[in-house]
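None of the figures in this text is laboratory data; all of them are computed from the coordinates on show. In this text the structure is predicted, and so the values were computed from the model without any measurement. Cβ placement follows ideal geometry from the backbone for every residue including glycine, while neighbour counts extend to all protein chains displayed.
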Amino acid sequence: MTEELKKWFNDLLNKISEKIKKGEELNDKEMEIATSYISNLQLLEYIDKRISDTERSLRDEIRKTREELLANDEKIKQELLKEINTVRGELEKKIEDTRTELKTEIATIKGELEKKIEDTRTELKTEINTVRGELEKKIEATRSDLEKKIENTRTELKTEINTVRGELEKKIEDTRTELKTEIATIKGELEKKIEDTRTELKTEINTVRGELEKKIEATRSDLEKKIENTRTELKTEINTVRGELEKKIEDTRTNLIKTIEDVNSKVEATRSDLGLLTEEVYIKNFIDYLDKSGEKVISVYRHYEINVGEIDALIETQTKIYVVEVKMKAEFKDVDSLLVKAKVISEEYKDKNVIPVLTGSRISKTVRGYAKGLNVIVV
């Protein structure tokens, strides 16, 4: 927005500069805009600085929040990995103890035990799938409140769980292969141990689920508190900036009014001086033109007053009287006025030939033709 405003002011200032060069008068609105440009530019720079400071503060707060989230995510990851390793060690120890006991007790019920193990494995897979579904639903419900890093941690944990599950399934498959040749007894004892293992797994899963829910809730509370604090700080900062801007605008309005009055006064004085200077230049050029043409100028009367108005210059030579009018932008009425003044001078100088002369910076083709048709010299 600042760049567009600067471009608009630059285009307008260029237009105003061209009008001054061409001798055109500036209207009040153009004069006001040209004067207020410098003050408004300073105000815009101040606003840009305040916005940059606010953005820098927000970036620092976001960076600190992200670092805290990363630290919490890493801590959660380490705790879960530690718990998984503990569970895996305990399961491996229990499986090793079971294998040792089974090697000394296996004798009979090979086929029946194999069927029981297969049924038990199916039940365990069903239970794991049920727990996995519950966990996935819980994670899906809270996923919108967590950061991307927590999602990555969940993916890593799933990979680790799948790895552990693959290792356990492989060990169970190896044990089942060995049991095919050694199982004989302890059907009731094995069923009891399997049930105990299922109970322990359910307890550990419930514990992990509870800890995860507590950590998720704590993280959400921290984020909501930080967001509320940030919102309060931003409201305070906005109110402060609004008050400063309103005061700055009021001061700028007062300064602009005073500056416009000063500029109007200076422009009026400059316009008057410029008109006099322009007349001097064009009249001097016409006198030089007469000298080069071989006419000797006897006298020059500036601002010669007659009963129908004032003549810019009355130039007298030995045989002629030149009635000279200087116009920044000549019109048809200026030609008519010049002819009336020349007629009055003809009555005053009856012994000399009176010639009307029109000169200036902007004499259009149509006005030039009109003047020449009435025997007016156009320079």
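So here's what we get for this one:
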{"quantity": "Overall Cα dimensions of segment 302-379 - principal axes, largest extent first, Å", "calculated": "33, 21, 17"}
{"quantity": "Cα→Cβ-extended label distance, 7 Å offset, between residue 306 and residue 93, nm", "calculated": "13.0 nm"}
{"quantity": "Footprinting exposure proxy for 332, 286 (fewest neighbouring C-beta atoms within 10 Å first)", "calculated": "332, 286"}
{"quantity": "Net +/- balance of residues flanking residue 180 in space, Cβ distance below 14 Å, scoring K and R +1, D and E -1", "calculated": "-1"}
{"quantity": "Estimated FRET transfer efficiency when R0 is 30 angstrom, pair residue 75-residue 241 (beta carbons, to 0.05)", "calculated": "0.15"}
{"quantity": "Sequence of 357, 308 once ranked by neighbouring C-beta atoms within 10 Å, starting from the fewest", "calculated": "308, 357"}
{"quantity": "Exposure proxy ranking, count of Cβ atoms within 10 Å, fewest first, for 221, 361", "calculated": "221, 361"}
{"quantity": "Extension gain, residue 116 back to residue 224 (0.36 nm per residue minus Cα-Cα distance, nm)", "calculated": "33.7 nm"}
{"quantity": "Residues with amide H under 5 Å from that of residue 313, placed H, sequence gap 5 or more", "calculated": "303, 304, 324"}
{"quantity": "Extension gain, residue 49 back to residue 144 (0.36 nm per residue minus Cα-Cα distance, nm)", "calculated": "30.7 nm"}
{"quantity": "Computed lengthening from residue 171 to residue 195, 0.36 nm per intervening residue step minus Cα-Cα distance", "calculated": "6.8 nm"}
{"quantity": "Spin-label proximity, residue 64 to segment 207-242 - amide N less than 19 Å from point 7 Å beyond Cα toward beta carbon", "calculated": "219-238"}
{"quantity": "Computed FRET value (nearest 0.05) for residue 346 with residue 379, which takes r as the C-beta separation and R₀ as 22 Å", "calculated": "0.60"}
{"quantity": "Integer Hz, Karplus 6.51/-1.76/1.60 couplings in order for segment 216-225, x for Gly and Pro", "calculated": "5, 5, 5, 5, 4, 5, 4, 5, 5, 5"}
{"quantity": "Cβ-derived FRET efficiency at R0 30 Å, residue 253 paired with residue 361, nearest 0.05", "calculated": "0.20"}
{"quantity": "Separation in nanometres of the label points that stand 7 Å from Cα toward Cβ, at residue 85 and residue 316", "calculated": "12.1 nm"}
{"quantity": "³J(HN,Hα) computed for each position of segment 233-245 - Karplus, 6.51 cos²θ - 1.76 cosθ + 1.60, integer Hz, glycine/proline x", "calculated": "4, 5, 4, 4, 5, 5, 4, 5, 5, 4, x, 5, 5"}
